[in-house]
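The structure under discussion appears below in the form of structure tokens.
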Amino acid sequence: MPAHPLKTLIEAADRAITAEDFDSLMDFYAEDATLVVKPGLEARGKEQIRRAFVAIAEHFNHSMLVRQGAMQVIEGAGTALVIMHTLLDTLDRDGVASTLERRVTYVFRHEPSGAWRCVIDNSYGTDLLDG
């Protein structure tokens, strides 16, 4: 069985994040998308999302490497819920390596053009309930 098209799309977005190619990354998002930057802080719309990714790259010392783990896609009514395991490798200012592991959730909308666009990007998943 071939991989869901969203797997390929998410892989491309992760490569754009790693390369800090935020212009290409914005193609991943719907105009009205929301990004959970951290618990209690959300970026809305492509302009805010792009600024958030620039700040996130700076926060992680321009060293982010995004990797994917297991993924489940649940699709219905022109939308898809993606639940996946993501690993984020970074270096701090002193060169100390660390890996963040998250169980992320995304919501995608299937656009009339046939493209899938992310409308909710929540890299904290259900951990938001712990805050």
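Okay, here's what the table says:
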| read-out | value |
| --- | --- |
| Of all residues making up the range 70-113, the number that are touching a residue at least 24 places away in the same chain (Cβ under 8 Å) and not acidic (Asp, Glu) | 22 |
| Residue count, the range 75-101 (criterion: surrounded by 10 or more Cβ atoms within 10 Å (Cβ to Cβ) and within 30 Å of residue 111 (Cβ to Cβ)) | 12 |
| The range 84-99, residues that are in contact with a Phe, Trp or Tyr (Cβ under 9 Å, 6 or more places away or on another chain), under 15 Å from residue 56 (Cβ atoms) and not charged (D, E, K, R) | 88, 90, 91 |
| Matching residues in the range 17-42 - criterion: being touching a strand residue (DSSP E or B) at 6+ places or on another chain (Cβ under 9 Å) and within 13 Å of residue 64 (Cα to Cα) | 17, 18 |
| Every residue from the range 15-37 that is over 14 Å from the mean Cα position of the chain (by Cα) and within 21 Å of residue 128 (Cβ to Cβ) | 32 |
| Residue 63 of a type in the set (Gly, Ala, Ser), touching a residue at least 12 places away in the same chain (Cβ under 8 Å) and surrounded by fewer than 17 Cβ atoms within 10 Å (Cβ to Cβ) | yes |
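Let's see how each residue does on (1) of a type in the set (A, V, I, L, M, F, W, C); (2) on the phi > 0 side of the Ramachandran plot; (3) crowded, with 18+ Cβ neighbours inside 10 Å; (4) in contact with a Lys or Arg (Cβ under 7 Å, 6 or more places away or on another chain):
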{"position": "10", "(1), (2), (3), (4)": "yes, no, yes, no"}
{"position": "16", "(1), (2), (3), (4)": "yes, no, yes, no"}
{"position": "21", "(1), (2), (3), (4)": "no, no, no, no"}
{"position": "25", "(1), (2), (3), (4)": "yes, no, yes, no"}
{"position": "32", "(1), (2), (3), (4)": "no, no, no, no"}
{"position": "42", "(1), (2), (3), (4)": "no, no, no, no"}
{"position": "45", "(1), (2), (3), (4)": "no, yes, no, no"}
{"position": "48", "(1), (2), (3), (4)": "no, no, no, no"}
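Table: residues versus (1) under 14 Å from the mean Cα position of the chain (by Cα); (2) not hydroxyl-bearing (Ser, Thr, Tyr).
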position	(1), (2)
13	yes, yes
39	no, yes
65	yes, yes
80	no, yes
84	yes, yes
126	no, no
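The numbers here are math on the coordinates, done by the rules we state, and not lab data. The structure displayed is predicted, hence computed values, not measured ones. Note that we place each Cβ from the backbone using ideal geometry, even for glycine, and neighbour counts take in every protein chain shown.
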